[in-house]
Structures are given as C-alpha cells and as structure tokens.
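What follows is calculated from the coordinates using simple rules that are stated; it is not laboratory data. It should be emphasised that the depicted structure is a prediction, and the values quoted were computed from it without experimental measurement. When we count neighbours, we look across all protein chains shown, and the Cβ atoms used for this are built from the backbone with ideal geometry, even at glycine.
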Ligand code: IPE
Ligand code: IPE
Ligand code: MG
C-alpha cells in the first residue's frame, strides 16, 4: 500500500522497506483554503455552495495528509477579519464546523485523527464552539494526524496577545527583558505545542498571507496554486508535497 502510494507520488525514490518514515515529508502542513466563493460564482451558484463543497475538500486532504505521514495539518477556516463579511455568510460559515463534525467525526476517530482548534473562542457562537469542543474532547487521546482548525484566528492578534502577556510578566518583575527570545515568544503563541509549518499551501491564485501565522511561517516553504479550494484534489496536494521534497531549506545558512 505504502509502495503503491509512493509510486503514485511520482519520481520519488522509495524509502527502504525497513525505513519507518517516508523521506522528507513535511511534518506540518498549513493551508489557506481559499476560493470557495469564486468557485461557486463561476458555476452560477451562491457563495454558500462553495463553502459547502469546500468541506469535502477538507475531508479529502485530511485523509491524504494522514496517508503520507504528515503529523500536523493546520487549516485556515475563518480569520479574525472574516467577520466583515455579510451576516448571512458569517452565519453560514459558523454552522460548518457542526455540519462537518457531525458527518466526519466517526471517520476521524477511526483514522486516529486528533482535532484541535487555534483561534479566539470568545467570539464564536455557542453552537459552533460546542461542536468544536466536543470533537476536541472526543479525539484528545488519538495519536495520529493532528487536524488543527484555525477558526477565528488572526496572526497579529495572536502576536499582540503574546506581547501583552510578556509585558505584564516584565512589569511584575517575573521576566527579564533579556530573557525574551524566540523560544519564549513561541511558548506564548497559540502554536506553543506544535512545530512551525514546513509547508504553506494557498489555493485560488491569491499570493498573500492574509494574517496567517506570520511568526510561524518565517522559514516555511510556500506553494501556491490557481485551483480553487473546492476542486483541490489529493493529486494537487501530492504535487505540493513533491515540490517541497525537492527544495533545499537553508535557514539563512549554506
Ligand atoms: C475561503 O473562500 C473560505 C473563507 C475565507 C471562509 P472565500 O470565501 O474567501 O472565497 P473567495 O476568495 O471569495 O473566492
Ligand atoms: C483567508 O482568506 C482566510 C481564510 C481562508 C479563512 P480570505 O479570502 O479571507 O483572504 P483575503 O481577504 O482574500 O486576503
Ligand atoms: Mg478568499
């Protein structure tokens, strides 16, 4: 099964039979799932139809990531700026986590997937939060892929909150300014318990970060595609992974 999959991935050399992991698969993949609205519009459908269809892609790509041994998959589902959208669209988007989890939680459990959420819980409607918290609780002991939903997430808010916390500690005399380093900052972010993304994918042809993981993406490999999220397939995902595997990461060194 593993060999077949790897062959399907293309020119890659197969790892030796006893090697327990694929060679150079990104440990953490983050995705800006974009283009739902335009996908729908191109088909003469309401934007909501695009969001609905995008949920199927979430399932597809979660399973694809799990199969090739990605450990963390972070999906940008709703930004702190997306509240600016018309009320009806926001309401619809806030119903998607429930819909998604109602249908897919069973399968996620069966595949040992652990659901997490990264974002600000306080502004979410209670029904949205309840569904998410339930999924987090029920999958907490799973040890496979970590499926991390960025929901009401904004990177600037995340960094400002961290800085405020740090400033308070300094003011109280509990922290010396000299002790503020990369590690400390990392420990105050919403990603304190997960590694930085190795690979960032954005669909729909937009070439920007839209306030997503600005600190954590400092040395991530970036991969963009014109494909809209509802039509993003496992093959597109493999294309991104293959490209990642060919890149040399230097982190400023040689
Ligand atoms: C991404 O698709 C989903 C969310 C931002 C919630 P969009 O809704 O941004 O789709 P476009 O970019 O308008 O096509
Ligand atoms: C980023 O997409 C947010 C999500 C995918 C959830 P947007 O569609 O909101 O980003 P902009 O407005 O095009 O920058
Ligand atoms: Mg968009």
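Per-residue answers, yes or no, for (1) more than 8 Å from ligand 1 (Cβ to nearest atom); (2) touching a helix residue (DSSP H, G or I) at 6+ places or on another chain (Cβ under 8 Å):
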position: 37; (1), (2): no, yes
position: 41; (1), (2): no, yes
position: 47; (1), (2): no, yes
position: 53; (1), (2): yes, yes
position: 57; (1), (2): yes, yes
position: 68; (1), (2): yes, yes
position: 72; (1), (2): yes, no
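Residue under question is residue 162, and the condition is that it be under 24 Å from residue 116 (Cα atoms) and surrounded by fewer than 17 Cβ atoms within 10 Å (Cβ to Cβ); does it hold?
Working: under 24 Å from residue 116 (Cα atoms): yes; surrounded by fewer than 17 Cβ atoms within 10 Å (Cβ to Cβ): no.
Answer is no for this residue.
Would you check if residue 110 is out of contact with any helix residue (DSSP H, G or I) (no Cβ under 7 Å at 6 or more places or on another chain) and away from ligand 3 (no atom under 16 Å from the Cβ)?
Values: out of contact with any helix residue (DSSP H, G or I) (no Cβ under 7 Å at 6 or more places or on another chain): yes; away from ligand 3 (no atom under 16 Å from the Cβ): yes.
For residue 110, the condition - out of contact with any helix residue (DSSP H, G or I) (no Cβ under 7 Å at 6 or more places or on another chain) and away from ligand 3 (no atom under 16 Å from the Cβ) - is met.
From the list 174, 231, exactly one residue is away from ligand 1 (no atom under 16 Å from the Cβ) and over 21 Å from residue 28 (Cβ atoms). Which is it?
Values: 231 fails: away from ligand 1 (no atom under 16 Å from the Cβ).
After ruling out the rest, the residue left standing is 174.
Quick one: what pairs do we get from the stretch 174-203, first residue more than 18 Å from residue 147 (Cα to Cα), second outside any helix (DSSP H, G or I), C-beta under 6 Å, 6+ apart or different chains?
Taking only residues 6 or more apart or on different chains, the pairs are 203/34; 203/35; 203/225; 203/227; 203/232.
Which residues, counting only those in the stretch 169-217, are out of contact with any helix residue (DSSP H, G or I) (no Cβ under 8 Å at 6 or more places or on another chain) and over 30 Å from residue 77 (Cβ atoms)?
169, 171, 172, 173, 174, 178, 179, 181
Give the residues of the stretch 198-209 that are part of a loop (DSSP other than H, G, I, E, B) and either within 14 Å of ligand 2 (Cβ to nearest atom) or more than 17 Å from residue 252 (Cα to Cα) (or both), sorted by residue number. Let's see the steps before the verdict.
Looking only at the stretch 198-209, we keep the residues that are part of a loop (DSSP other than H, G, I, E, B), and these are 198, 203-209.
Matches in the stretch 198-209: 203, 204, 205, 206, 207, 208, 209.
Give me the residue from the stretch 186-220 that is farther than 19 Å from residue 118 by Cα and surrounded by 17 or more Cβ atoms within 10 Å (Cβ to Cβ) and, out of that set, farthest from ligand 1 (Cβ to nearest atom). Break it down into steps so the answer makes sense when it comes.
Here is the first cut: in the stretch 186-220, the ones farther than 19 Å from residue 118 by Cα are 203-208, 219.
Narrowing the set further to residues that are surrounded by 17 or more Cβ atoms within 10 Å (Cβ to Cβ) leaves 203-204.
Details: 203: 8, 204: 6 Å.
Residue satisfying both the conditions and the ranking: 203.
Would you pick out the residues in the stretch 210-232 that are away from ligand 3 (no atom under 16 Å from the Cβ), part of a loop (DSSP other than H, G, I, E, B) and over 19 Å from residue 149 (Cα atoms)?
Of all residues in the stretch 210-232, those away from ligand 3 (no atom under 16 Å from the Cβ) come to 213-223.
Restricting the remaining residues to those that are part of a loop (DSSP other than H, G, I, E, B) gives 213-220.
Scanning the stretch 210-232 gives 218, 219.
Do we have residue 207 as without any contact (Cβ under 8 Å) to a residue 60 or more places away in the chain, more than 23 Å from residue 68 (Cα to Cα), away from ligand 3 (no atom under 16 Å from the Cβ) and within 21 Å of the chain's Cα centre (by Cα) here?
Working: without any contact (Cβ under 8 Å) to a residue 60 or more places away in the chain: yes; more than 23 Å from residue 68 (Cα to Cα): yes; away from ligand 3 (no atom under 16 Å from the Cβ): no; within 21 Å of the chain's Cα centre (by Cα): yes.
Considered against the rule, which asks whether it is without any contact (Cβ under 8 Å) to a residue 60 or more places away in the chain, more than 23 Å from residue 68 (Cα to Cα), away from ligand 3 (no atom under 16 Å from the Cβ) and within 21 Å of the chain's Cα centre (by Cα), residue 207 comes out as no.
Give the stretch 121-148 a look and list any residue that's out of contact with any helix residue (DSSP H, G or I) (no Cβ under 7 Å at 6 or more places or on another chain) and touching a residue at least 40 places away in the same chain (Cβ under 8 Å), or say none.
123, 146, 148
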